[in-house]
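Participant: Structure in structure tokens, see below.
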Amino acid sequence: MDHSGHGMIMELPPFTLGRGLEWSADPFFLVACLVGLGLYGWGVVRLVRRGDKWPVGRIVAYVVGVLTVMLVMCTKLNDYGMVMFSVHMVQHMVISMLSPILILLGAPITLALRALPTAGRDRKGPRELLLMVLHSRYMRIITHPAFTIPLFIASLYGLYFSPLFDFLMGSRAGHIAMMVHFLAVGLVFFWPIMGVDPGPQRPGHLMRMLELFAGMPFHAFFGIALMMASTAMVGTYQHPPASLGIDALSDQTSAGGIAWAFSEIPSVLVLLALLFQWYGSEQRQAKRKDRAADRDGDKELEAYNAYLASLDARSR
């Protein structure tokens, strides 16, 4: 059965990295990625033209983040992912854990708020609508840890260990919807934790670290469960095409290993970003205190000089 609608996907030769990286674009993700890059570029150009600066590091992070989505959805990795559990798991891990972190480090919401023009008094333009969404009750709910952490966990156990995964893999639209879901879950999970863009949830740095590590053990357990299983657990991958020359159970074990190992990568990336942010905020706070102390010192000096001047006036 051709699950993906990609044509002769069952005739794929044995997987190699070179074959996996050959161009094979999914139209939906290709257009979405190009639009995302175009809008971000427009925002940067608009800021530069009016004399504002936008950090190069943010541009690099965002572009690389979008390119990682294209890497797993616009190459033959997407074709092989339809018939190989291990390749699909690479797609899942990248699009749900690596791409969101890089995209969020690019601060696209901050860029949009700075680049979009204000509509004026008592009018609502794109900028005002974006602010309304950011401060809405709906956004507060979907970015709250009580929602994001269970959603993050359910996207693994609830999807792969139920008939829902096979149902979605049965059509091109279902497969696209699943990949969009992975990306969206990653974005709402890491958005409050990264703390780069403004949002309804602004936890402290310590709380962000706790949120990060609350979800990661479940990710590791999921990988271990796949590695230790003695039978193929996902119907879609139970009978791989003979042309691939792979065993379903060993491929599932590889998929579990990928899921288990990959949970460490975002943890390290986010932890480094949080530590840099924490250090930066401490430095800014110290500078503010120094400036306040300087102002207080100047006032004391002025008062002392005024006192001396009054004494001098009396003596005269």
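The values are calculated or read from the model by the stated rules, or taken from the named source; none is laboratory data. Source: prediction; values computed, not measured. No Cβ is skipped: glycine too gets one built from the backbone with ideal geometry, and neighbour counts run over all protein chains shown. These area figures cover heavy atoms from the full protein model, side chains too; ligands, DNA and RNA do not enter into them. Shrake-Rupley method; radii C 1.70, N 1.55, O 1.52, S 1.80 Å.
Participant: With the structure loaded, tell me whether residue 158 is crowded, with 16+ Cβ neighbours inside 10 Å and either touching a strand residue (DSSP E or B) at 6+ places or on another chain (Cβ under 7 Å) or under 24 Å from residue 69 (Cα atoms) (or both) or whether it fails that test.
Facilitator: For residue 158, the condition - crowded, with 16+ Cβ neighbours inside 10 Å and either touching a strand residue (DSSP E or B) at 6+ places or on another chain (Cβ under 7 Å) or under 24 Å from residue 69 (Cα atoms) (or both) - is not met.
Participant: Restricting the first residue to segment 121-138 and requiring it to be within 17 Å of residue 197 (Cα to Cα) and without any contact (Cβ under 8 Å) to a residue 24 or more places away in the chain, which pairs with a second residue that is open to solvent by 70 Å² or more (accessible area, probe 1.4 Å) and basic (Lys, Arg) meet a Cβ separation below 8 Å and a spacing of at least six or different chains?
Facilitator: 132/124
Participant: Could you list, in sequence order, all residues of segment 69-100 that are open to solvent by less than 20 Å² (accessible area, probe 1.4 Å), assigned to a helix (DSSP H, G or I) and of a type in the set (Val, Ile, Thr)?
Facilitator: 69, 72, 87, 94, 95, listed by residue number.
Participant: Follow-up. Within segment 49-58, track down each residue that is open to solvent by less than 90 Å² (accessible area, probe 1.4 Å) and part of a helix (DSSP H, G or I).
Facilitator: Listed by number, the residues that qualify are 57, 58.
Participant: Let me ask something additional. Inside segment 33-48, can you point out the residues that are within 21 Å of residue 181 (Cβ to Cβ) and either in contact (Cβ under 8 Å) with a residue 12 or more places away in the chain or assigned to a loop (DSSP other than H, G, I, E, B) (or both)?
Facilitator: 33, 36
Participant: For segment 14-23, does any single residue satisfy the condition of being part of a helix (DSSP H, G or I) and without any contact (Cβ under 8 Å) to a residue 24 or more places away in the chain?
Facilitator: yes
Participant: So, residue 86, is that one hydroxyl-bearing (Ser, Thr, Tyr) and either without any contact (Cβ under 8 Å) to a residue 60 or more places away in the chain or touching a Gly at 6+ places or on another chain (Cβ under 6 Å) (or both) or not?
Facilitator: no
Participant: Hey, residue 200 hits all of (1) open to solvent by 10 Å² or more (accessible area, probe 1.4 Å); (2) in a helix (DSSP H, G or I) but one; which does it fall short on?
Facilitator: Unmet for residue 200, out of (1) open to solvent by 10 Å² or more (accessible area, probe 1.4 Å); (2) in a helix (DSSP H, G or I): (2).
Participant: What about residue 118, is it of a type in the set (Val, Ile, Thr) and at pLDDT below 90?
Facilitator: Considered against the rule, which asks whether it is of a type in the set (Val, Ile, Thr) and at pLDDT below 90, residue 118 comes out as yes.
Participant: Let me ask something additional. Only one of 230, 250 is among the hydroxyl-bearing types (Ser, Thr, Tyr) and under 21 Å from residue 92 (Cβ atoms); which?
Facilitator: 250
Participant: For segment 120-160, give me the residue count where each residue is touching a helix residue (DSSP H, G or I) at 6+ places or on another chain (Cβ under 9 Å) and part of a loop (DSSP other than H, G, I, E, B).
Facilitator: 3
Participant: Follow-up. Restricting the search to segment 203-246, which residues are open to solvent by less than 40 Å² (accessible area, probe 1.4 Å), under 19 Å from residue 155 (Cβ atoms) and under 21 Å from the mean Cα position of the chain (by Cα)?
Facilitator: Scanning segment 203-246 gives 211, 212, 214, 215, 216, 219, 220, 222, 223.
Participant: For segment 103-119, give me the residue count where each residue is open to solvent by 30 Å² or more (accessible area, probe 1.4 Å) and under 20 Å from residue 271 (Cα atoms).
Facilitator: 1
Participant: Is it the case that residue 105 is out of contact with any helix residue (DSSP H, G or I) (no Cβ under 6 Å at 6 or more places or on another chain) and among the hydrophobic types (A, V, I, L, M, F, W, C)?
Facilitator: no
Participant: Given the criterion under 20 Å from the mean Cα position of the chain (by Cα) and farther than 21 Å from residue 254 by Cα, identify the matching residue among 47, 37.
Facilitator: 37
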